[in-house]
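Shown next, in structure tokens, is the structure this report addresses.
All of the numbers you see were taken from the coordinates with simple rules; none came from a lab. Quick caveat, the model's predicted, so the values are computed rather than measured.
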């Protein structure tokens, strides 16, 4: 099932593109794909967000940061958490994937490749430092539950890999 692109009114887009993900500050909430819609209704901004996973502790902070940014730009705001459809790493924008890599986090692979990498069957996770795929899984969990910890066997650097969620 392919989801439609999120609907974001132009008046709100620039504001929301200035709100960072609190766990990965180089990504905006738009690049991360958690904003599903942002509309103006009777002068009030109504924003719908979807958590990257159920129980994600960052969602309250994201909601508060969105309200704060909109208020600073003259909008009263209401933020609604929507759980369905569930967020997918497919929603991370190409610019978001590039920002992840530059920040030192390997972007998610496709689901089948992700499974092979996380089971240690294939060395296909690319080191964001040197670009090598001579990498090994150190731990199923990295700095957050949505990431795994890998180590590059060439440059010897540890790094997070953002797990594929579909």
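Shape class of segment 1-47 from the alpha-carbon gyration tensor: oblate, with a/c at 1.5 or above and b/c at least as large as a/b.
If you average the sequence gap of Cα pairs under 8 Å that are 6 or more apart and divide by the length of segment 7-91, what percent do you get for the contact order?
Details: 137 pairs, mean separation 26.4, N = 85.
That works out to 31 percent.
Using the rule -39500 (n - 2.57) for each DSSP H run of four or more residues, divided by the residues of the chain, the 222 nm mean residue ellipticity is -7500 deg cm²/dmol. Over segment 104-162, Cα pairs under 8 Å with separation of 6+ residues give a relative contact order of 32 percent. Rounded, prolate or oblate: which fits segment 7-91, taking a ≥ b ≥ c as square roots of the Cα gyration tensor eigenvalues, rounded meaning a/c under 1.5, else prolate when a/b beats b/c? Prolate, since a/c reaches 1.5 and a/b exceeds b/c. With angles folded into 0 to 90 degrees, how steeply does helix 94-103 sit against the dominant principal axis of the chain? Use alpha carbons for both and round to 10. Between helix and principal axis, roughly 60 degrees. Overall, the anisotropy analysis places segment 96-166 in the rounded class: the square-rooted eigenvalues a ≥ b ≥ c of its C-alpha gyration tensor yield a/c less than 1.5.
The C-alpha atoms of the chain define a longest principal axis, and helix 58-72 lies at about 40 degrees to it.
Pick out which of 42, 73, 121 has the largest mean-square fluctuation in a Gaussian network model of the chain, springs linking Cα atoms closer than 10 Å. So, out of 42, 73, 121, the one fluctuating most is 42.
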